[in-house]
Amino acid sequence: MSESLVQYGTSFQSKIISSILTDNKFIKQIIDILEVEYFDTDSNKFLVKSIKDYFAKYKTLPTIEAVKIIIDGVENDILKTTIVDSLRSAWQHRESPDLDFVKEKTIEFCKNQTIKSAIMDSVELLENQNYDEIKRVIDSAMTAGMERDIGHEYLTGLEERLSEQSRITVPTKWDSVNDLMDGGLGAGELGVIVAPAGIGKSWTLQALGAHAVAHGKTVIHYTLELNAQYVGLRYDCIVSGHPTGNLQYHKDEVLKSINKLKGNLIIKYYPTRTASVNTITAHLQQCELQGIKPDLVLVDYADIMKSTQHFTEKRHQIGHIYEELRGLAGEFEIPVWTASQANRSALEEDVIDASKVSEDYSKVMTADFVLSMSRKVEDKIANTGRFHVIKNRFGPDGITFPATINTNTGYIMIYETGTTGGKDVQGKMNNAEEYIRKTLAQKKKDFDKDGFE
C-alpha cells in the first residue's frame, strides 16, 4: 500500500489543501490523521503543517492573510516562491465540483494508513503479550477520521436546552412576527416570503436586511434579478426614508443615515438561473476566508436559482433548490430568508394561503417559517396590505396581520393582531384597520378630485 498521496497526482493534493483551507468540518475530521509526510513537495508540506498548526492553536481556519504572513517568514526565497505557487493553485480549486470526492478519498486513504500503522505497532505488543494495549491501539485506529459530534445528549443536556444559546435568533423588524417566531429566525433555519409578482417581496427581504444591519449584524444579500447597485439604492431608501428618485438631492442625509448603521452589508449579484446553492456556498466560504462571518443571508429569490440536479419537471427542481438552501443554512449555522412566487390567481386574494404557492408545495414543507404578502390595487394606492403566516415551526400560524407597505421608500410596518403569546392586542389591530380605511378613503377623494376613476 502506498504511503503517500503521490498516486493521486498534484492536482488532487492541491484540492486537499484547498479543502482544509475552506472546510471547517473537514479539517476537524481529518486533522489528527492527515500527516505532512503524505505530500510529495516541500511547498505542500509547509502549507499543510502551517494550516494544521494554526487550527490546533486557534481552533479556526486560517485566513488567506494569515497564511501569507506565515509564508513571509520563510527565509529561503526559492521555497517561498514555490509555496506561493502552491497556495495559488490550491485557492483556484476552492470551487472544484469534485471536492466532496477528494475529501472522501482523502479520509479513506488516511484511515487506511492509520490502521496499517496500528497493525505494525501491534506486532511488538503481541510479542510482549500486551493484549489490552493492542485492543486500545486498534480501536483508536478504527475510529480515526470519524465524525466527532455524536449529537445532543438528552439526559445530561437540560441546561443546554434551556440556555438562551440553544437557539440564537436574528429578529425581524416587527415585534408581532418576532413573538410568533420565538424571537426571530434562528441558525440553520429557512424563512420564505410568498407573494405574486410586483407586490413587494424584494422590499420585504431588504427591510429584514436593513433592520439586521442597523442592529450590528453582518448581512449578505444575494440578488438574482436586480443588479447590486440598484439593490444598494433600495437599501439607501430604507435607511434614509427618501424615495429612489430623490436620493441624489439628499446625499448628505443618506450618508449620515448609512454612517449610523452598526453592522455590515454585502450585496452579491448573479444573473438569473446562473447561481446554484453550490455557488452561494463557495461565495460564503470565500467571505469566511476573508474574515467575514455573516449573521444573516438573504436570497432574492430561490425560485430563479439553478438546481444542482436535473429533473424532468420544473417543480421538482425548485423543490430541490429549497431543500439545498435549508441544508446550506444548517451547514453554515446561519438563518436564511428567501422569497417565492405565488400563483397568478393570488393577485385577487385578500389573504394568500398555502394553496396559492406556485410550483412545488414542498417549498412550504421544507421551510421553517412561511409568510405571505397580499395587496390588491386599492392597497397599492393606499400603501397598505396584509401578511399571513402560512407555516410556523415555532408557534401558531394561520394569523393575518394588517400592514403598511410603501414600495417607494421601502417602509414596511406589520401591525399586531389577534392574540399572541397570551397578550390581547385587538386594540392595535383595530387601530391599524382604521388607519387603512381612512387612508383608502382619502386616496379615493384625491383621485376623484383629479378626475380619475
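The values are calculated or read from the model by the stated rules, or taken from the named source; none is laboratory data. What you are looking at is a predicted structure, and each value in this text was computed from that prediction instead of being measured. All Cβ positions, even for glycine, are placed from backbone atoms using ideal geometry, and neighbour counts span all protein chains on display. All accessible areas refer to the heavy atoms of the entire protein, side chains included, with ligands and DNA or RNA removed. Shrake-Rupley method; radii C 1.70, N 1.55, O 1.52, S 1.80 Å.
When the surface is traced with a 1.4 Å probe over the full set of protein chains, residue 388 keeps roughly 30 Å² accessible.
Counted by Cβ distance under 12 Å from residue 231, the other residues give a net charge of -1, where Lys and Arg count +1 and Asp and Glu count -1.
Greater than 27 Å separation of Cα atoms is the criterion. Which listed pairs, 59/111; 103/363; 251/306, meet it? Could the numbers behind the result be given before it?
Numbers: 59/111 22 Å; 103/363 30 Å; 251/306 37 Å.
Beyond 27 Å: 103/363; 251/306.
For the chain, take the longest principal axis of its alpha carbons; what is the angle in degrees between that and the long axis of helix 201-214, to the nearest 10 within 0 to 90? Compared with the principal axis, the helix lies near 70 degrees. Entry note: the range 73-112 has Rg to Rh equal to 1.17, where both radii use alpha-carbon atoms and Rh is the Kirkwood radius.
Under a 1.4 Å probe, what is the accessible area of the chain per residue, stated in Å²? Walk me through the intermediate numbers first.
Numbers: 23480 Å² over 453 residues.
The answer is 52 Å² per residue.
Cα extents for the range 8-110 along the principal axes, largest to smallest and rounded to whole angstrom: 35, 29, 25. Using a probe of 1.4 Å, the accessible surface attributed to residue 169 totals some 30 Å² when neighbouring protein chains are kept in position. Listed values for the range 176-192 are Karplus-derived 3J(HN,Hα) couplings in whole Hz (6.51 cos²θ - 1.76 cosθ + 1.60, θ = phi - 60°), namely 4, 6, 4, 4, 5, 8, 6, x, x, 8, x, 4, x, 10, 10, x, 10, and x replaces Gly and Pro. One Cα centroid belongs to the range 166-231, the other to the range 295-351; the line between them spans 14 Å. Cα convex hull, the chain: 198 Å³ per residue, rounded to a whole number.
Computed in the context of the full set of protein chains, the accessible area of the chain at 1.4 Å probe radius has 50% of its extent on carbon or sulfur.
For the range 329-385, which GluC sites (Glu not before Pro) are both in a DSSP coil and crowded by at most 16 other Cβ atoms within 10 Å? Write down the numbers at each step before the final one.
Numbers: sites: 331, 333, 348, 349, 359, 378; in loops: 333, 349, 359.
Counting only loop positions with at most 16 other Cβ atoms within 10 Å, the GluC sites (Glu not before Pro) in the range 329-385 are 333.
Take the Cα atoms of the range 167-301, build their convex hull, and give its volume per residue in Å³.
Values: hull volume 16.9 nm³, N = 135.
Measuring per residue, one finds 125 Å³ for the Cα hull of the range 167-301.
Ordered from largest to smallest accessible area (heavy atoms of protein chains, 1.4 Å probe), the residues 77, 303, 236 come out as 77, 236, 303.
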